There are 2 protein chains.
Amino acid sequence: MDLPYTRIKGGVCAAREFLGSAISCGIKNPKSDRLDLSLIYSKIGCLSAGMFTQNRVKAAPVRVSQSHLRAESLRAIITNSGNANACTGPTGMQDAKNMAKETSKLLGLRQREVGVCSTGVIGLPMPMIRIEPKYEGLVAGLGPKNGNDVARSIITSDTHEKEFAISFELHGKRVRIGGCAKGAGMINPNMATMLCFITTDANIGKRGLKEAIENSVENTFNRITIDGDTSTNDSVIVLANGAAENKTIRRGTKECRDFSHALEFVMNKLAKSIVRDGERVTKFVTLEVKSARNASDAKKVAQAVANSSLVKSSWNGEDPNWGRIIHAVGYSGASIREEFVDIYYESKAACKGGLQAKTNPEVLRNIVSKPAFKITIDLGIGDANHRIYSSDLSPEYVDFNRSEYAYWKQAKKDGLV
Amino acid sequence: MDLPYTRIKGGVCAAREFLGSAISCGIKNPKSDRLDLSLIYSKIGCLSAGMFTQNRVKAAPVRVSQSHLRAESLRAIITNSGNANACTGPTGMQDAKNMAKETSKLLGLRQREVGVCSTGVIGLPMPMIRIEPKYEGLVAGLGPKNGNDVARSIITSDTHEKEFAISFELHGKRVRIGGCAKGAGMINPNMATMLCFITTDANIGKRGLKEAIENSVENTFNRITIDGDTSTNDSVIVLANGAAENKTIRRGTKECRDFSHALEFVMNKLAKSIVRDGERVTKFVTLEVKSARNASDAKKVAQAVANSSLVKSSWNGEDPNWGRIIHAVGYSGASIREEFVDIYYESKAACKGGLQAKTNPEVLRNIVSKPAFKITIDLGIGDANHRIYSSDLSPEYVDFNRSEYAYWKQAKKDGLV
């Protein structure tokens, strides 16, 4: 899959005719100048598609972006980090709409052409007083080399920005796809607590773009988990402006499949980088479930194992504890036969037919002592498979997530609550 | 509910004609003399009923006890801790059967009158070489005052034994119910990783006893969670020997309901003591979900909130973070309307109609700083309720559960793997 793609510099501004801008307004921390407001903009008209959290509690910007995407194609996305604008009621909706409105005025677009995203603490009113004075500077700062600033501005508890871009041949033209993402906590299959913005200069039809994003998200962002929590703000948005001047890609063609694979390739890089940078994560674990009775069972097993506190704690302890893995297989709800279950750490058997295998435990221990390893669970009763990228659970994760109280105290000081 | 019951001394030997015994055979730790093998025995014939884990991976002793209970009534239960005898294949089944067989011979019972329970590490062969020499001493040690020894012998990562007993009037006779339990980790609604043995001298019919245990478990052990992991060994067994000489309690009568309430009262005390003594737990949280559309939704919401790593981390941090609670409500799968959700810490509103309430955050913070508190989630769209007893997630829990490797090393030294 790597072969036809050339990795290129940059992220969300790597495709032609896309500009970015990021600025600090003090939402993350009034006392520091961390970037926390950003803008992505296509100089020329473009098509868009998006996928959003399946949490029934949806942040205001998610509702606004969904409605704008239904009505029209987006050409710009404004994003703040530090406050999720979730559980903020009609005021939060108005705040999200105003962010789109003010940006659209300055860019000469219709309000519905601007998407809005937010990430951060849930339940606090938006500090609009910090955002409003910054719109003009944000738009004035737009440039083709600011993709990295955008990537840095959207991160919260991530330790570093995540961006990736490629180019490849399509219909004899060189097409670019690039993007950035943030994650770190509240990460679960079914759209993690994450934002991902992808731009491409491919010329692609609306239906082809929609299909490509749906398939790609299913195989990438829906297959990662850090803590099993699904957030209120997850958003993946793709903008395609056609600047590569390839013949329009139509749904169902070979070119559409090629484009979809390339999109999935970019998303997969970003998804895996989210897990690697999970909150206080020390292990990157590829979990492969094989030979399940059906696809739904394969997924249930992968999710139960990947989200078990006890399994994840043992990964943190570098303990090849297959007993805990099979116990999670057992309560996953999938149809299984204990006596057919094999469990491998890389290529070494830890469990054969539901029993301790002959492999020396020290060999298994050496595998789980590595920063990244693969565990295969072969259920031996069918032909359905499922893969998830997961991580360990560390004492430091819990410690890190003990309190967001500082945000509430600051909000009180600001007169917001 | 407290009123008609008198708390009495003791636990699993508090009811008349029940004897207990416990001994150390070095399964927990060959170098220490911690009690790890126990026996409960009724001097006279009795009826029994049991409920077991819903994990599809069932430990050998669970299978053996289930089969003995179907065939006949139990009169004795032998239990070891330190090894779960789970994922041990035909050898494990033979080991569990032998434990029943050897005990039954010494007690002059049929093999099927002896239940078997195990708790401890999954996947390691049973160290029968340590258990076999101990049967005679175990039976010889039976006495009416050894209930506390039994309670201590079944605990693993628990910090203390859990026992409780009451007496009450029924049909003009004084009836006793007492028991002991162990828990601590792998605790989830749907039978926690726990063992619970209850004895009663009530004279009750088989069908009445079955109904009473089913109702009581549903309202007690199925409503606690520590880490959301469901174990392979969960067992609740009740023995009733009729020594109180009350008129036989028949299913469907007022007396049967009274007995059932008393049994539930005892189980509730034991269930709550399991949560309070959860692995490295610092908070006991009563989670009350109200006004859900239906019972299934109420349960989904309670379980999602009670098992969210982020919610539990915030409880550990004494942070009244209702934003994380409503986010778990949103992904629970239940039908909810964000704008109708109220969240209370004790009687103080943190969230009203999906929004930050007016209560001073410091007031809420004082509540979650207590070792035990209640959170009520009022969904405002129906009349179904569900209650769960839960706990926080501490950095120390993860640290405690990082490795069971010492057990595997010992097993290797013993030639078991």
Worksheet, complete the sentence: Sequence order, the range A:397-413: Karplus ³J(HN,Hα) from phi using 6.51 cos²θ - 1.76 cosθ + 1.60, θ = phi - 60°, Hz rounded, Gly and Pro as x, gives 4, 4, 4, 4, 9, 5, 8, 10, 4, 4, 5, 5, 5, 5, 4, 5, 4
Response to the item:
HN-Hα couplings for the range B:100-112 via Karplus (6.51, -1.76, 1.60; θ = phi - 60°), in whole Hz with x for Gly/Pro, come out as 5, 5, 5, 5, 4, 4, 5, 8, x, 10, 6, 4, 6
Worksheet item: Considering only protein heavy atoms and a 1.4 Å probe, what is the carbon-and-sulfur percentage of the accessible area of the range A:284-393?
Response: 46 percent
Worksheet entry | Violating pairs (Cα-Cα greater than 24 angstrom) within the set A:290/B:58; B:101/B:162; A:101/A:134 | B:101/B:162
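If you take the square roots of the eigenvalues of the alpha-carbon gyration tensor of the range B:201-357 and sort them as a ≥ b ≥ c, do you get rounded (a/c under 1.5), prolate (a/b over b/c) or oblate?
prolate
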Item to complete: Nearest 100 Å² is fine: how much accessible area is buried between B and A, summed over both sides, with a 1.4 Å probe?
Response: 5200 Å²
Discussion item. As a test of reading the structure, rank B:223, B:34 by solvent-accessible area (1.4 Å probe, protein chains only), most first.
Written reply: B:34, B:223
Fill in: Prolate/oblate/rounded label for the range B:6-276 (Cα gyration tensor, a/c 1.5)
prolate
Worksheet entry | Neighbourhood net charge (11 Å Cβ-Cβ; Lys/Arg +1, Asp/Glu -1) for residue A:22 | 0
Discussion item. In Å², and per residue, what accessible area does the protein assembly as shown have when probed at 1.4 Å with the other protein chains present?
Written reply: 35 Å²
Discussion item. Which residue in A is nearest the A/B rotation axis when you measure from the C-beta atom, and what is the distance in Å?
Written reply: A:395, 2
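By the gyration tensor of its Cα atoms, with a ≥ b ≥ c the square roots of the eigenvalues, what is the shape of the range A:48-172: rounded for a/c under 1.5, prolate for a/b over b/c, or oblate?
Working: a/c = 1.36, a/b = 1.33, b/c = 1.03.
Since a/c stays below 1.5, the shape of the range A:48-172 is classed as rounded.
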Item to complete: Determine one quarter of the surface area of the Cα convex hull of the protein assembly as shown, which equals its mean projected area, and express it in nm² to one decimal.
Response: 34.3 nm²
Response to the item:
From DSSP H assignment alone, runs of 4+ in chain B each adding -39500 (n - 2.57), the sum over residues rounded to the nearest 500 puts [θ] at 222 nm at -10000 deg cm²/dmol
Worksheet item: Can you list residues whose amide H is under 5 Å from residue A:239's amide H, if they're 5+ apart or on another chain and H is modeled 1.01 Å from N?
Response: A:198, A:199, A:200
Fill in: the range B:250-282: trypsin sites (Lys or Arg not before Pro) in DSSP coil with no more than 12 other Cβ atoms inside 10 Å
B:250
Worksheet item: What's the local net charge at residue A:75, with K and R +1, D and E -1, over the other residues with C-beta under 11 Å away?
Response: 0
Worksheet item: Tell me, which residues of the range B:357-402 get at least 50 Å² less accessible area when the other protein chains come in, versus the chain alone (1.4 Å probe)?
Response: B:361, B:395, B:398, B:401, B:402
Response to the item:
So, over other residues within a Cβ distance under 11 Å of residue B:110, counting Lys, Arg +1 and Asp, Glu -1, the net charge is +2
Worksheet entry | Label point 7 Å beyond Cα along the C-beta direction, distances from residue A:288 to other copies (nm, shortest first) | 5.1
Response to the item:
With every protein chain in place, the accessible area of residue B:149 for a 1.4 Å probe, in Å² rounded to the nearest 10, comes to 50 Å²
Discussion item. What's the magnitude of the charge dipole for the range A:287-327 around its Cα centre, counting Lys and Arg as +1 and Asp and Glu as -1 at the beta-carbon? Answer in Debye, nearest 20.
Written reply: 220 debye
Item to complete: Between the chain alone and the structure with every protein chain in place, find the residues of the range A:298-312 that drop at least 10 Å² of accessible area; heavy atoms, 1.4 Å probe.
Response: A:309, A:310
Fill in: Table column - 3J(HN,Hα) (Hz), the range B:318-329, Karplus curve with 6.51, -1.76, 1.60, x for Gly and Pro
6, 10, x, 8, 5, x, 5, 5, 5, 5, 6, 4
Fill in: Amide H contacts under 5 Å for residue B:120, placed H, 5+ residues apart
B:82, B:84
Worksheet entry | Heavy-atom accessible surface of the range B:44-88: percent carbon and sulfur, 1.4 Å | 44 percent
Worksheet item: Of all GluC sites (Glu not before Pro) in the range B:321-360, which ones are in loop regions per DSSP and have a Cβ with at most 10 other Cβ atoms within 10 Å?
Response: none
Item to complete: Scan the range B:83-171 for trypsin sites (Lys or Arg not before Pro) in coil per DSSP, keeping those whose Cβ has at most 15 other Cβ atoms within 10 Å, and list them by number.
Response: B:110, B:145
Fill in: chain B: relative contact order as a whole-number percent, Cα under 8 Å and 6+ apart
17 percent
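The values are calculated or read from the model by the stated rules, or taken from the named source; none is laboratory data. Just so we're clear, the structure is a prediction, and the values are computed from it rather than from any experiment. Positions of Cβ are backbone-derived with ideal geometry, glycine not excepted, and every protein chain shown enters the neighbour counts. Just so you know, the surface numbers come from the protein's heavy atoms only, side chains and all, with ligands and any DNA or RNA stripped out. Shrake-Rupley method; radii C 1.70, N 1.55, O 1.52, S 1.80 Å.
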